[in-house]
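Working notes, beginning with the structure itself.
The values are calculated or read from the model by the stated rules, or taken from the named source; none is laboratory data. Remember, it's a predicted structure, so these values are computed and weren't measured experimentally. All accessible areas refer to the heavy atoms of the entire protein, side chains included, with ligands and DNA or RNA removed. Shrake-Rupley method; radii C 1.70, N 1.55, O 1.52, S 1.80 Å.
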Amino acid sequence: MAGLLCGTKRKKQVSDLHEEGKNAINAPMLLSGTDIHPEDTLLEENAERLMLDPTSRENLKFKDLLKVLIDWINSELEEERIIVKDLEEDCYDGQVLQKLFEKLSGRKLNVAEVTQSEIGQKQKLQTVLEAVNDLLRPHGWTIEWSVDSIHSKNLVAIVYLLVALAMHFQAPIRLPEHVSVQVVVVKKREGILQTALVTKELTSTTEMMMGRFERDAFDTLLDHAPDKLNVVKTSLITFVNKHLNKLNLEVTELESQFADGVYLILLMGLLEDYFVPLYNFFLTPESFEQKVHNVAFAFELMQDGGLKKPKARPEDVVNLNLKSTLRVLYNLFTNYKNTE
């Protein structure tokens, strides 16, 4: 009898689920073209659920963002022999997020290594997300994810989380700027499902995302005295050409001619009076990665020479960010301006 009652109750729940899903699909406020499954609409009163609009899923910038995040995770977790192919399918159970957080933070979490059950997965997610939130919230981050949203494979929540981690730990990647998606928000009020289309901004500008909120002389110069910018650029060009001319090289455009890192490397060799072996860098770099390698190598040479680590990222210089290039060159100027 108990089994019969449980079976009857379960059938009624399934029936209610499909009926509610049917009502949602026929709801007048539902946006056309949106595929809402019945399980997405079984909500408590005043609860809501967010779903990525299908058109946004095909957005090229959004796809690019997904690829950058996947490549970054795979690079970070290469030693763990973890390969992520799909963020929704590979991140929902907490295993990848646990390993990624541990690698980035250098902190070991007290969780079970393998969890097959839904309860176990959510417990692991709870521990991982508590650690993430404790780290990010004091820095002003808005928490756009939860255990339920991640475990239900909400792609927007997963991307929000990964972008936040990449930004906080200043990952050596280039996140696409100004990526926004349309999200369908389903709410239940007075037993009626209502839907609305909301825009969610996943990324902003590179400078904002990488946490470069500090202002220096170059921010002031570009914002308030652009007429003096040419004076500064002329002084830096004179400085670098004084040394590069020894190799019959000449610079006329700072941001473009230093973007591949070659001139930076050669300049450091001239300033420190040593020859840089050609096998250490790409003399004629073709790809973005090769250029980043060159600039990063130049930064290593600067630190070997006793200079502080540049505030700019190699990716910023490669991407022709004028302020980043000026900061790097001005640092060289102030330390080597009297070098013959």
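Ignoring ligands, DNA and RNA, please state the percent of accessible area on the stretch 266-340 from carbon and sulfur, probe 1.4 Å. Its accessible area is 51 percent carbon and sulfur atoms. Taking the centroid of alpha carbons for each part, the stretch 134-156 and the stretch 237-267 are 45 Å apart. Once the chain from Y274 to T238 is taken as fully extended at 0.36 nm per residue, the excess over their C-alpha distance is 10.8 nm. Here's the list of lysines a cross-link from K309 could span, going by alpha-carbon distance under 27 Å and ignoring same-chain residues fewer than 8 apart: K103, K228, K233, K242, K246, K291, K323, K337. Placing I73, I82 in order of accessible area, with the largest value first and a 1.4 Å probe, yields I82, I73.
Each residue of the stretch 251-257 was assigned a 3J(HN,Hα) from its phi angle through the Karplus curve 6.51 cos²θ - 1.76 cosθ + 1.60 (θ = phi - 60°); the sequence is 10, 10, 10, 5, 5, 7, 7 Hz, with glycine and proline shown as x.
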